[in-house]
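What follows is a short report on a single structure.
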Amino acid sequence: MVKLNKIYTKTGDDGTTGLVAGPRRLKHDLRVESYGTVDETNSAIGVARLHMGDMPEIDAMLMRIQNDLFDLGADLSTPETDEPLPYEPLRITDHQVERLEHDIDLLNADLEPLKSFVLPAGSAASAHLHLARTIARRAERLMVALSREKGERVSPAALKYVNRLSDLLFVAARYANDKGRGDVLWVPGKNR
């Protein structure tokens with residue numbers, strides 16, 4: 001278990017941070033940027049949850065996802081190496097990805113078919129879910145970039161998870177807009 005007695009340690013005053021395993025990294029390191037953006041996604045989901053009101057099914061999904069995002073952060077902050085660790089590192093699993101797919105299918109079954117791209121608008125819940133979606137996409141881009149760096153590894157399950165997460169947040173945003181009936185659609189060239 002995690003035990004935090006002291007919040008400030010002063011060890012990061014030099015611009016570095018400690019990973020779960022391995023040497024310290026600069027705070028702008030791509031791995032740190034990746035799990036920091038996962039944390040930002042989690043915070044945006046927390047704000048979206050404030051607007052769930054009469055949608056307890058989505059709120060329950062989001063609560064589970066927030067916990068999963070801490071798992072993803074732990075996964076990213078424990079770089080995979082060929083060196084054995086004295087403990088089993090926490091990794092995202094295919095089961096977590098499959099759960100997202102199940103939830104996407106469940107929500108999408110009740111949605112109005114799309115006839116255009118959707119603007120990130122409508123209800124407060126929908127707008128906040130769209131914001132969380134765009135942050136999740138940024139996390140995904142950073143994770144993909146990290147996975148392409150020499151000597152860095154990101155598990156396929158972690159990459160799948162963050163990709164499915166943005167899909168789920170899109171579908172949940174539409175669901176929060178009266179199951180798609182309240183979506184604000186893009187009208188190409190409308191204001192020319």
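Throughout, read-outs are computed from the coordinates displayed, never taken from laboratory work. Since the structure is predicted, the reported quantities are computational estimates derived from the model, not experimental observations. All Cβ positions, even for glycine, are placed from backbone atoms using ideal geometry, and neighbour counts span all protein chains on display.
Can you give the relative contact order of the chain as a percent, counting alpha carbon pairs under 8 Å and 6+ residues apart?
On the way: 242 pairs, mean separation 52.3, N = 192.
In percent, rounded to a whole number, it is 27.
If R₀ is 30 angstrom, what is the calculated FRET efficiency for the pair Arg141 and Arg192, using the beta carbon separation as r and rounding to 0.05? Could the numbers behind the result be given before it?
Details: r = 31 Å, r/R0 = 1.02.
Calculated transfer efficiency: 0.45.
Quick one: dipole size for the chain, taken about the Cα centre, charges +1 on Lys/Arg Cβ and -1 on Asp/Glu Cβ, in debye to the nearest 20.
Result for the chain is approximately 720 debye, rounded to the nearest 20.
How big is the dipole moment of the range 82-163 about its Cα centre under a simple scheme where the beta carbon of each Lys and Arg is +1, that of each Asp and Glu is -1, and everything else is neutral? Debye, nearest 20, please.
460
Let a ≥ b ≥ c be the square roots of the eigenvalues of the Cα gyration tensor of the range 85-192; is it rounded (a/c under 1.5), or, if not, prolate (a/b larger than b/c) or oblate? Mind showing how you got there, number by number?
Details: a/c = 3.03, a/b = 1.83, b/c = 1.66.
It is prolate, given that a/c is not under 1.5 and a/b is the larger ratio.
Taking DSSP loops as anything outside H, G, I, E and B, show the longest stretch in the chain free of chymotrypsin sites (Phe, Trp or Tyr not before Pro) there with at most 12 other beta carbons within 10 Å.
Result for the longest clean stretch: 9-86.
Running a GNM on the chain with Cα contacts under 10 Å, which residue among Thr78, Thr37, Thr17 ends up with the highest mean-square fluctuation?
Thr17
Would you please give the residues with an amide H less than 5 Å from that of Val118, counting only those at least 5 places away or on a separate chain, with H modeled from the backbone geometry?
Close amide H contacts, sequence-distant or interchain: Trp186.
Of the cross-linked pairs Lys115/Lys190; Lys6/Lys27; Lys115/Lys160, which ones have a Cα-Cα span greater than 22 Å in the structure shown? Each step should come with its number before you reach the end.
Values: Lys115/Lys190 16 Å; Lys6/Lys27 20 Å; Lys115/Lys160 27 Å.
Result: Lys115/Lys160 exceed 22 Å.
Picking from Ser34, Ser126, Ser155, which is most flexible by a Gaussian network model of the chain using Cα springs under 10 Å?
Ser155
If you build a Gaussian network model of the chain, linking Cα atoms that sit under 10 Å apart, which residue out of Pro84, Pro23, Pro156 swings the most?
Ranking Pro84, Pro23, Pro156 by mean-square fluctuation puts Pro84 first.
What's the extension gain from Lys10 to His102 if we count 0.36 nm per residue and subtract their Cα-Cα distance? Could the numbers behind the result be given before it?
Values: separation 92, 0.36 × 92 = 33.12 nm, distance 4.34 nm.
Residue separation times 0.36 nm, minus the Cα-Cα distance, leaves 28.8 nm.
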